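Enquirer: Quick one: structure below, then a few questions.
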Amino acid sequence: MLMICRIDAALTSAPAAPCEAPPSGTAALSPDRKEDHNECTRRIVGIPTAAPPRAAREREIMTSEPTTFGRTALGSMPAFAPLFLPGTEQVTVRWISILYPTTTAVVDAILPTPLQRGAEPEVMIWIGEFIGAQFQSPDGTVETRPSYMQGGINVRCNHAGSEGAYAIETFVEGLNHGILGRELFGLPKKQVQTVTFDEAAHDVDFSFSDARGRTLLRGTAARHDEHRARPLVPAWFENQYTAKLIPSAEGDGYDVSRLVRIPFRFTPTGETGSGAATLEWVESSSDPLHLLTVAGDATAVWGTARLDIDYGTYIAELNPHDIPAYGTPRW
């Protein structure tokens, strides 16, 4: 006669209690009791069991203490299993900065109010290999990330007399390890196929390609024969500005539309190389970076550093309708 094992006994370390006969056949059992019945049948006839019966698994999960699963403070969406915890960042970077002059018309067309153009109309392209990134949350929790390549474009700006860098776009190669900067600060991050920064004995090659592998930027820099001690980034780049935009769930307007200032701090960890650079923006309808006119000679500086990024500060409300936007979303 078929027998049914007691599920309560199966949850203890003691031997299982004797099986009972079903009251009126398996058809009269609830779904959970049917699962228990099937488990007992497998055990009686010697069929290996890969996992506990469903009822046992569910009871174990629902009655477990939160510490069993390493419960954390609420960090980000998804709420049940946060993708990241907000925190300050420390990371080693292998980095290159490429600077070139553009026109005042380009800068004025890109910057949102209340930002104004900086002392010089300049564009900075940067590419970095982020190595051993660590994020420390207020409760002391430290989250680490695998190494990844990232690059971006900034325009020199000024706010209330302080020079800074307005973030135009940021590209993260492959899996978006750099998503925290987008969610926390509103940094304009996109996933792309490749971000490259390849060093050789006498020159450096760099490039971006979009999510479908179409080239957006290609360029090279030739190392000067003489050593010139130059900072890895200009001072104004360490004062980052970005527009944090979170659209309304109701489809009308924005829940958040604010200007954020983010402090970056670079500490050199080795010598820098530098030289003249040549670059080409490739026309793109989705990422129209070719609009950032090159109006003079470009220079490049590369090397290694430690980068520290602290929490940001909201400094102004933005009118979403007054934020310049170019390009059409397209994969």
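Enquirer: Go through (1) surrounded by fewer than 17 Cβ atoms within 10 Å (Cβ to Cβ); (2) in contact with a His (Cβ under 9 Å, 6 or more places away or on another chain); (3) in contact (Cβ under 8 Å) with a residue 60 or more places away in the chain and name the single condition Ala222 misses.
Expert: (3)
Enquirer: For Thr267, are the conditions met, namely being surrounded by fewer than 13 Cβ atoms within 10 Å (Cβ to Cβ), farther than 21 Å from Tyr166 by Cβ, of a type in the set (Val, Ile, Thr) and touching a strand residue (DSSP E or B) at 6+ places or on another chain (Cβ under 8 Å)?
Expert: Yes: the conditions hold for Thr267.
Enquirer: Determine if the stretch 240-247 includes at least one residue that is crowded, with 19+ Cβ neighbours inside 10 Å, modelled with pLDDT of 95 or more and out of contact with any helix residue (DSSP H, G or I) (no Cβ under 9 Å at 6 or more places or on another chain).
Expert: Among the residues of the stretch 240-247, at least one is crowded, with 19+ Cβ neighbours inside 10 Å, modelled with pLDDT of 95 or more and out of contact with any helix residue (DSSP H, G or I) (no Cβ under 9 Å at 6 or more places or on another chain), which makes the answer yes.
Enquirer: Anything in the stretch 298-331 that is more than 23 Å from Ile127 (Cα to Cα), part of a strand (DSSP E or B) and aliphatic (A, V, I, L, M)? List them, or say none.
Expert: Passing the criteria: Ile315, Ala316.
Enquirer: Related question: If the requirement is being surrounded by 12 or more Cβ atoms within 10 Å (Cβ to Cβ), touching a Gly at 6+ places or on another chain (Cβ under 6 Å) and at pLDDT below 95, which of these qualifies: Thr272, Thr304?
Expert: That would be Thr272, the only listed residue that is surrounded by 12 or more Cβ atoms within 10 Å (Cβ to Cβ), touching a Gly at 6+ places or on another chain (Cβ under 6 Å) and at pLDDT below 95.
Enquirer: Give just the number: which of (1) farther than 27 Å from Gly213 by Cα; (2) part of a strand (DSSP E or B); (3) more than 23 Å from the chain's Cα centre (by Cα); (4) of a type outside the set (A, V, I, L, M) does Thr278 not satisfy?
Expert: Of everything listed in (1) farther than 27 Å from Gly213 by Cα; (2) part of a strand (DSSP E or B); (3) more than 23 Å from the chain's Cα centre (by Cα); (4) of a type outside the set (A, V, I, L, M), Thr278 misses just condition (1).
Enquirer: Could you list, in sequence order, all residues of the stretch 126-143 that are in contact with a Phe, Trp or Tyr (Cβ under 8 Å, 6 or more places away or on another chain) and either closer than 30 Å to Ala295 by Cα or loosely packed, with under 14 Cβ neighbours inside 10 Å (or both)?
Expert: Trp126, Ile127, Gly128, Glu129, Val142
Enquirer: Go through the residues of the stretch 225-246 one by one and say whether even a single one is touching an Asp or Glu at 6+ places or on another chain (Cβ under 7 Å) and within 17 Å of His290 (Cα to Cα).
Expert: Checked against the condition, which is being touching an Asp or Glu at 6+ places or on another chain (Cβ under 7 Å) and within 17 Å of His290 (Cα to Cα), the stretch 225-246 yields no hits at all.
Enquirer: A further question follows. When the stretch 86-108 is examined, which residues are found to be of a type in the set (A, V, I, L, M) and in contact with a strand residue (DSSP E or B) (Cβ under 6 Å, 6 or more places away or on another chain)?
Expert: Those that are of a type in the set (A, V, I, L, M) and in contact with a strand residue (DSSP E or B) (Cβ under 6 Å, 6 or more places away or on another chain): Val91, Val93, Ile96, Ile98, Leu99, Val107.
Enquirer: If you don't mind, there's one more thing I want to ask. Between a first residue in the stretch 317-331 that is farther than 16 Å from Asp210 by Cα and a second residue that is of a type in the set (S, T, N, Q) and in a loop (DSSP other than H, G, I, E, B), which pairs have beta carbons less than 9 Å apart while being 6 or more apart in sequence or on different chains?
Expert: Correct list of pairs: Leu318/Thr113; Asn319/Thr113; Asp322/Thr113; Ile323/Thr113.
Enquirer: Among (1) under 19 Å from Pro288 (Cα atoms); (2) touching a strand residue (DSSP E or B) at 6+ places or on another chain (Cβ under 6 Å); (3) modelled with pLDDT of 95 or more, which single condition is Asp198 missing?
Expert: (1)
Enquirer: Also: Taking the stretch 275-288 on its own, how many of its residues are surrounded by fewer than 17 Cβ atoms within 10 Å (Cβ to Cβ) and of a type in the set (Asp, Glu)?
Expert: Residues flagged as surrounded by fewer than 17 Cβ atoms within 10 Å (Cβ to Cβ) and of a type in the set (Asp, Glu) within the stretch 275-288 amount to 2.
Enquirer: Name the one entry in Glu173, Glu183, Glu120 that is closer than 27 Å to Arg223 by Cβ and within 14 Å of the chain's Cα centre (by Cα).
Expert: Glu173
The values are calculated or read from the model by the stated rules, or taken from the named source; none is laboratory data. Everything numeric here is computed off the predicted structure, so don't read it as measured data. A quick note on method: Cβ atoms are made from the backbone with ideal geometry, for glycine too, and the neighbour counts reach across all protein chains shown.
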